[in-house]
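My structure is below; once you've seen it, I'll send some questions.
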Amino acid sequence: MTAFRTLTFHSPEETAIFATRLAPQLRAGDCLLLDGPVGAGKTHFARHLVQSLLTVPEDVPSPTYTLVQTYDTAAGPLWHADLYRLTASDEIEELGLIEAFDTAICIIEWPDRLGSLAPRNALCLRFGHDDNLPDTRHIELSWNHSGWADRIGAIADV
Amino acid sequence: MVRTVTVLGLESSCDDTAAAVVRQGRDGAQILSSIVHSQDDLHSAYGGVVPELAARAHAEKLDICVIQALHDAGLTLADLDAVAVTAGPGLIGGVVAGVMCAKGICAATGLPLIAVNHLAGHALTPRLTDNVDFPYLVLLVSGGHCQFLIAHGTESFTRLGGTIDDAPGEAFDKVARLLGLAQPGGPAVEAEARKGDAAHFALPRPLLDRAGCDLSFSGLKTAVLRQRDIIALDKGGLTRQDRADLCAGFQQAVTDVLAEKSRRALALYLTQDPAAPVMAVAGGVAANGTIRAALEAVCAQSKVAFVAPPLALCTDNAAMIAYTGIERFRLGARDGMDLAARPRWPLDQSSPAMLGSGKKGAKA
């Protein structure tokens, strides 16, 4: 059964704070699927999440062109991928992403490209604009794996 | 007397696969051949370049590029002094393919192997094309990168500032995507902008209010999106003129930000009292006429020479890798068979990393 929860953030800074609160909850084998249109704040969210886990600060470039950026973090290996440019699922296997789902924390932008390859235990975050407030973002969280409920409750209910 | 050095360069760190032969003697450097296998004719349908993500695909093309580059140069492997290869930063599968190919050639021939930072290749291109002396200021501005560097030497760069989020080339591509224009977005947005009024829609100038040379382009892209949606809601759609005006406004915003930050970077650079001051621009975004003209004007105001290499040497190519290889070769640099590909490899490892929202991290 799929569980849902929607969170609202009124500025890029609030979204960033949520990312840094979610980060310490993650461990190898966890996957975040970041859905939503261009400009919704997916990379902004991912950048802050990754930076909060780095032991040595470094740039977190957009993975739009390189497809994947990998990092060594305090919580183990982390893959930040942008699948927008992919067109076939065999390209996902070529990237080594399937193996990384088991061995790393994976943050995936444009996860619709995964199709049936999307991990069943993933946490989906659907980023949406607000029609009236330009800096506000609604993030709809959804998951099938029971492990997410406690972790999200721990950071969202403060 | 300066010894003549001939180097084969390999580049496969993103979508393009490239090989080139560059020779440098007493009369300067000469590109004997430069082969680029690009994906340019394939991409339009996908809203981006079709990624050549498989290491295997790069590997197959590298062989062909090397053979063609040697053929065009009229040389054989025996005529070379070294093999230079991009060892990062970039798409890891591609970089690994290039490094493996270079190692194979070196193992078979006994030629020295020289690792090159892809960004150093771009940053040193003004020396290949225009014999520019150190220290010079370089603005590296492309799809994946945007930074101001002072080039002090072949391996010595100071980063004055850079983007804290996306690079301008990515913003051009994504704005094109938002407005239903073809990819690559740079030329498409520029063509539309010629028909538009840059003052019609008010768009932000990110980070201009903040001191320093850091830049931000992600919010500008989102501002274009927002403006598009406001127009669409108002009129039920976008007219061609609206689209042209949005493109013109966006391009002008990018131009204003790059020009103002260049002014600041120049001021910092000029405190070093260079004998013959030069600002160079490198990277694909240098092809944009409006941006280029604005940077030229800023340099003219500061009485600094402006250098922009020809477009074929601004976008990804292997001639810049071969040339950087020559400079490293002359400095005695040699890399071993244990050379590893590096997905990220900052040119200036002492300046702090760029964090989003304009914050800076502790000195590493």
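The values are calculated or read from the model by the stated rules, or taken from the named source; none is laboratory data. Small disclaimer: the values here were computed from a predicted structure and weren't measured. Using ideal geometry, Cβ is built from the backbone for each residue, glycine included, and neighbour counts are taken over all protein chains shown.
Let me confirm something: among B:LEU238, B:LEU220, which residue is away from chain A (no Cβ under 14 Å) and not β-branched (Val, Ile, Thr)?
B:LEU238
Out of the residues in segment A:75-85 that are in a loop (DSSP other than H, G, I, E, B) and more than 7 Å from chain B (Cβ to nearest Cβ), which is farthest from A:ILE105 (Cα to Cα)?
A:LEU83
Go through the residues of segment A:145-152 one by one and say whether even a single one is within 13 Å of another protein chain (Cβ to nearest Cβ) and either farther than 21 Å from B:ASP173 by Cα or in contact with a helix residue (DSSP H, G or I) (Cβ under 8 Å, 6 or more places away or on another chain) (or both). Write out each step before concluding.
Going through segment A:145-152, the residues within 13 Å of another protein chain (Cβ to nearest Cβ) turn out to be none.
No, segment A:145-152 has no match at all.
Oh, and also: Yes or no: A:LEU95 of a type in the set (A, V, I, L, M), within 10 Å of chain B (Cβ to nearest Cβ) and touching a strand residue (DSSP E or B) at 6+ places or on another chain (Cβ under 8 Å)?
Yes.
The rows are residues; the columns are (1) at pLDDT 95 or above; (2) under 17 Å from B:PRO187 (Cβ atoms); (3) within 14 Å of chain A (Cβ to nearest Cβ).
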{"site": "B:LEU225", "(1), (2), (3)": "no, no, yes"}
{"site": "B:ILE230", "(1), (2), (3)": "no, no, yes"}
{"site": "B:ALA248", "(1), (2), (3)": "yes, yes, no"}
{"site": "B:ALA265", "(1), (2), (3)": "yes, no, no"}
{"site": "B:LEU270", "(1), (2), (3)": "yes, no, no"}
{"site": "B:ALA275", "(1), (2), (3)": "no, no, no"}
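Quick one: count up the residues across segment A:13-47 that are crowded, with 19+ Cβ neighbours inside 10 Å, within 14 Å of chain B (Cβ to nearest Cβ) and within 28 Å of B:LEU179 (Cα to Cα).
Of the residues in segment A:13-47, 12 are crowded, with 19+ Cβ neighbours inside 10 Å, within 14 Å of chain B (Cβ to nearest Cβ) and within 28 Å of B:LEU179 (Cα to Cα).
Select from segment B:49-86 the residues that are modelled with pLDDT under 95 and not hydrophobic (A, V, I, L, M, F, W, C) and write down the one among them that is surrounded by the fewest Cβ atoms within 10 Å (Cβ to Cβ).
B:ARG56
Counting just the residues of segment A:48-74 that are of a type in the set (Ser, Thr, Tyr) and either touching a residue at least 24 places away in the same chain (Cβ under 8 Å) or within 10 Å of chain B (Cβ to nearest Cβ) (or both), which one comes out surrounded by the most Cβ atoms within 10 Å (Cβ to Cβ)?
Among residues in segment A:48-74 that are of a type in the set (Ser, Thr, Tyr) and either touching a residue at least 24 places away in the same chain (Cβ under 8 Å) or within 10 Å of chain B (Cβ to nearest Cβ) (or both), the one surrounded by the most Cβ atoms within 10 Å (Cβ to Cβ) is A:THR66.
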